[in-house]
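In what follows, a single structure is set out as structure tokens and then discussed.
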Amino acid sequence: QAAKAGLLLEYLPSYAPEMNPLEQCWRQVNEGRANKLYRTLSELKVYLTSKLPTLHSPRIYEYLC
């Protein structure tokens, strides 16, 4: 279906976080979470609710060229 839509699929090696833009987002989320214990799901939700709006989008172009 991707080929019919004119899309080119590129397969990544099985472990290549430097080639995956989503890893940058996870890194940003984990920066503030390191060495913290969330005793309840509510505490974790509060952290994520405050952190997600501050994420910077990865520069996808760097991965394409």
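The values are calculated or read from the model by the stated rules, or taken from the named source; none is laboratory data. Note that the structure is a prediction, hence the values are computed from the model and not measured. Positions of Cβ are generated from backbone atoms using ideal geometry, with glycine treated the same way; all protein chains shown enter the neighbour counts. Keep in mind that these areas ignore ligands, DNA and RNA; they rest on the heavy atoms of the full protein, side chains included. Shrake-Rupley method; radii C 1.70, N 1.55, O 1.52, S 1.80 Å.
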- Message: For the chain, what does the accessible surface come to per residue with a 1.4 Å probe? Please give it in Å².
- Response: 93 Å²
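Just add up the charged neighbours of Leu12: K/R +1, D/E -1, any other residue whose Cβ is under 13 Å from the Cβ of Leu12. Display every interim value, and only then the final one.
On the way: positive: none; negative: Glu10, Glu18, Glu23.
Here the charged neighbours net out to -3.
How high is the relative contact order of the chain, in percent, counting Cα pairs under 8 Å that sit 6 or more residues apart? Can you show the working numbers first?
Details: 22 pairs, mean separation 26.7, N = 65.
Reported relative contact order: 41 percent.
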- Query: Carbon and sulfur atoms: what percent of the 1.4 Å accessible area of the chain do they account for?
  - Reply: 58 percent
- Item | Phi-based couplings in Hz for region 35-52 (Karplus 6.51, -1.76, 1.60; Gly and Pro marked x) | 6, 10, 10, 9, 6, 10, 5, 4, 5, 5, 4, 4, 4, 5, 4, 7, 7, 4
- Query: In deg cm²/dmol, rounded to 500, what helix-only [θ] at 222 nm does the chain give when every DSSP H run of at least 4 residues adds -39500 (n - 2.57) and the total is split over its residues?
  - Reply: -11500 deg cm²/dmol
- Note on the structure: With the charge dipole of the chain built from beta-carbon charges (+1 for Lys and Arg, -1 for Asp and Glu) about the Cα centre, the Cα from Leu37, Thr54, Ala5 projecting farthest to the positive end belongs to Leu37
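Region 2-65: D in µm²/s via Stokes-Einstein (Kirkwood Rh, Cα pairs, 4 °C, 1.567 mPa s)? Each step should come with its number before you reach the end.
Working: Rh = 14.4 Å.
Taking Rh from Cα pairs, D becomes 90 µm²/s.
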- Cα long-axis angle, helix 21-31 against the chain (0 to 90 degrees, to the nearest 10): 10 degrees
- Taking the Cα centre of the chain as origin, sum charge times position over the Cβ atoms of Lys and Arg (+1) and Asp and Glu (-1), and report the length of that vector in debye to the nearest 20. 340 debye
- Highest GNM mean-square fluctuation among Ser50, Ser14, Ser42, for the chain with Cα springs under 10 Å, belongs to Ser14
- Item | GluC sites (Glu not before Pro) lying in DSSP loop within the chain, provided at most 15 other Cβ fall within 10 Å | Glu10
